[in-house]
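Enquirer: Okay, handing you the structure first.
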Amino acid sequence: MTRVPVRDDLSALEGYHSPQVTVDVRLNTNEAPVGPPAAFREALAAEMSRIEWNRYPDRAATALRTAIGALHGVGPEQIFVANGSNEVLQTVLLTFAGPGRTVATFEPTYQLHGHIARITGATVVEGERAADFSIDMDEVRRVVSRSRPDVTFLCSPNNPTGGVDSPSVVRELLALSPGLLVVDEAYGQFADWSAVELVDEETPLVVSRTFSKTWSMAAARLGYLVGPRWLVAELDKVVLPYHLDATKQIAGTLAVRFLDEMNERVRSIVAERERVITALRSLDVDVFDSGANFVLFRPRNASGRAVWQGLLDRSVLIRDCSGWPRLADCLRVTIGTPAEDDRFLSAITEVLS
Ligand code: PMP
C-alpha cells in the first residue's frame with residue numbers, strides 16, 4: 001500500500017511521549033496516588049446497570065454540567081465538558097485558533113498547549129518565563145504587542161514547574177491580551193485561589209479543570225471549563241455530537257458528591273508535598289516551589305538523566321524533563337502515598353550519594 005502524505009504542517013510534528021514502564025513506584029504522570037472512595041465505586045456500579053445501551057447519551061450532558069456548575073456557583077450553560085481537559089483545550093483551539101491565527105504560550109509550560117494549537121494549524125508564539133519560571137510581564141507585553149495572539153495560555157499551577165500565578169498576574173494578562181485567555185487549572189485544587197472567580201460574561205477568559213488528578217479519575221478521561229455562556233455555546237457547536245459517553249457522564253455526576261473526600265485527599269497530598277520538598281532540600285538538588293501535586297528539582301552535581309536512570313534502576317519512575325528546552329537537568333516527581341514517597345526519597349538519597 002502506498003503511503004499518502006500527511007498535511008505539510010504536521011509532517012515535522014512529534015507525538016506526545018510519556019514513557020510508561022513497569023515499575024514498583026510510578027510517580028511520573030501526576031495522577032492521584034489513591035483511587036476514589038469505595039462508596040463511589042458502588043454507586044457507579046449500581047447506576048451502570050441502569051444505562052439504556054441502545055440509546056445515545058444525553059448530548060448536552062445536563063446532569064453532569066449542572067453538578068459541576070454547582071461546585072463553582074454557576075449554571076450548566078457556563079460549563080463545557082469533554083474527554084479530559086486535553087479535549088477541552090482542543091475544542092477551544094479548534095474554535096478560536098486554527099490557520100491564520102496565533103496562540104501564545106509562556107515556556108516552559110504544559111507541552112500540549114502548543115502541540116494542540118499547531119495541530120489546529122495555528123502559529124504558536126513562545127514567550128519566555130523568568131529564570132524562576134514565573135511570568136515576566138515585560139515579556140508578556142513584548143509577545144502580546146508583537147503577535148496580537150488570538151489565544152493566550154497560562155497554566156496555574158504550571159506544569160512542569162509547579163508555580164501558581166497570582167490574581168494580579170491573571171488580571172494583567174487579561175488587560176494586555178487582545179484575544180481569549182485560557183487558564184489551565186488542571187492542578188487548581190492544590191492552589192490557594194482560582195481564576196474561576198474572574199469569569200463573567202464580559203471577560204474573554206476560560207478556566208479549564210480535570211477529573212484526572214484530585215478526583216482520582218484519570219481512567220475516566222473527563223475535563224471541563226468554566227467560561228462565559230456565549231463562549232460555551234460556540235464550543236458546543238464545534239465538538240462532535242454525543243462525544244461524552246453515558247458511563248462518563250454518570251461517573252462525573254457521582255464523583256462530585258464526594259467533594260469532602262476529594263478535599264481530604266488534597267490536604268494529605270499537600271502535606272506530603274511539603275514533606276518531600278523539605279527532604280529534597282536537604283539533598284544536593286535545587287527545588288522549585290510547588291503549588292501542585294508534583295515537584296520540579298535539579299541535581300546540582302549530577303546529570304538529570306543519570307539521576308532519573310538511577311531511580312529507574314531502583315524501580316522508581318519519575319518524569320525526565322532534562323532534555324526539554326529550558327529545563328536542562330530538571331526532573332519532576334509526582335507526590336504519591338507516604339510509602340511511595342519514602343521509596344523515592346531513599347532511592348534518590350542513594351543515587352546522589
Ligand atoms: N493540563 C495540564 C497542565 C496537565 O498537566 C494535564 C495532564 N497531564 C492536562 C491538562 C490534561 O489532563 P486530562 O486530559 O487528563 O484532563
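The values are calculated or read from the model by the stated rules, or taken from the named source; none is laboratory data. Please read these numbers as outputs of a predicted model, since none were measured by experiment. Please note: Cβ atoms are built from the backbone with ideal geometry, for glycine as well, and neighbour counts cover all protein chains shown. To get the accessible areas, we keep the full protein, side chains included, count just its heavy atoms, and leave off ligands, DNA and RNA. Shrake-Rupley method; radii C 1.70, N 1.55, O 1.52, S 1.80 Å.
Enquirer: Against the definition (within 16 Å of the ligand (Cβ to nearest atom) and either open to solvent by less than 10 Å² (accessible area, probe 1.4 Å) or assigned by TED's automatic domain parsing to the domain that holds residue 292 (or both)), how does residue 114 come out, yes or no? Walk me through how you get there before you give the answer.
Expert: Working: within 16 Å of the ligand (Cβ to nearest atom): yes; either open to solvent by less than 10 Å² (accessible area, probe 1.4 Å) or assigned by TED's automatic domain parsing to the domain that holds residue 292 (or both): yes.
Criteria met by residue 114.
Enquirer: Just the residues that are touching a Ser or Thr at 6+ places or on another chain (Cβ under 6 Å), on the phi > 0 side of the Ramachandran plot and near the ligand (Cβ under 8 Å from one of its atoms), please, taken from region 83-102.
Expert: Within region 83-102, no residue meets the criteria.
Enquirer: While we're here: For residue 210, indicate whether it is crowded, with 18+ Cβ neighbours inside 10 Å and among the polar types (S, T, N, Q). Before you say what the answer is, go through the steps one by one.
Expert: Working: crowded, with 18+ Cβ neighbours inside 10 Å: yes; among the polar types (S, T, N, Q): yes.
Yes.
Enquirer: For region 1-29, what are the residues that are open to solvent by less than 90 Å² (accessible area, probe 1.4 Å) and closer than 19 Å to residue 347 by Cβ?
Expert: Residues satisfying the conditions are 19, 21, 23, 25, 27, 28, 29.
Enquirer: Pairs, please: C-beta under 7 Å, at least 6 apart or cross-chain, first residue more than 15 Å from residue 106 (Cα to Cα) and in region 162-175, second open to solvent by 30 Å² or more (accessible area, probe 1.4 Å)?
Expert: 167/193
Enquirer: Also, quick follow-up: Hey, can you tell me all the residues within region 36-87 that are farther than 26 Å from residue 232 by Cβ and open to solvent by 70 Å² or more (accessible area, probe 1.4 Å)?
Expert: Selection gives 41, 42, 49, 50, 52, 53, 54.
Enquirer: If you go through region 339-353, how many residues are farther than 11 Å from residue 25 by Cβ and either of a type in the set (Asp, Glu) or touching a Lys or Arg at 6+ places or on another chain (Cβ under 8 Å) (or both)?
Expert: 2
Enquirer: Now a separate question. Checking the structure you have, find out if any residue of region 262-270 is touching a Pro at 6+ places or on another chain (Cβ under 6 Å) and buried (at least 16 other Cβ atoms within 10 Å of the Cβ).
Expert: Taking every residue of region 262-270 in turn, none turns out to be touching a Pro at 6+ places or on another chain (Cβ under 6 Å) and buried (at least 16 other Cβ atoms within 10 Å of the Cβ).
Enquirer: Return only the number of the condition from (1) aromatic (Phe, Trp, Tyr); (2) assigned to a helix (DSSP H, G or I); (3) surrounded by fewer than 18 Cβ atoms within 10 Å (Cβ to Cβ) that residue 242 does not satisfy.
Expert: Here residue 242 meets the rest and fails (2).
Enquirer: Could you tell me which residue of region 191-214 is farthest from residue 263 (Cα to Cα), considering only residues that are touching a strand residue (DSSP E or B) at 6+ places or on another chain (Cβ under 9 Å) and within 10 Å of the ligand (Cβ to nearest atom)?
Expert: Looking at residues that are touching a strand residue (DSSP E or B) at 6+ places or on another chain (Cβ under 9 Å) and within 10 Å of the ligand (Cβ to nearest atom), I get 208.
Enquirer: What residue, among those in region 217-238 that are open to solvent by less than 20 Å² (accessible area, probe 1.4 Å) and outside any helix (DSSP H, G or I), is farthest from the ligand (Cβ to nearest atom)?
Expert: Filtering region 217-238 for residues open to solvent by less than 20 Å² (accessible area, probe 1.4 Å) gives 217, 222-228, 231-232, 235.
Now restrict to residues that are outside any helix (DSSP H, G or I): 217, 222-228.
Numbers: 217: 9, 222: 7, 223: 4, 224: 9, 225: 11, 226: 14, 227: 16, 228: 21 Å.
Applying the filter and picking the extreme gives 228.
Enquirer: Still on this model: Suppose the filter is within 28 Å of residue 138 (Cβ to Cβ) and either within 16 Å of the ligand (Cβ to nearest atom) or not assigned by TED's automatic domain parsing to the domain that holds residue 113 (or both); does residue 188 pass it? Can you show your working first?
Expert: Numbers: within 28 Å of residue 138 (Cβ to Cβ): yes; either within 16 Å of the ligand (Cβ to nearest atom) or not assigned by TED's automatic domain parsing to the domain that holds residue 113 (or both): yes.
Judged against the criteria, residue 188 is a match.
Enquirer: Does residue 310 fit the bill of being farther than 15 Å from residue 159 by Cβ, outside any helix (DSSP H, G or I) and assigned by TED's automatic domain parsing to the domain that holds residue 27? Outline the logic, then answer.
Expert: On the way: farther than 15 Å from residue 159 by Cβ: yes; outside any helix (DSSP H, G or I): no; assigned by TED's automatic domain parsing to the domain that holds residue 27: yes.
Criteria not met by residue 310.
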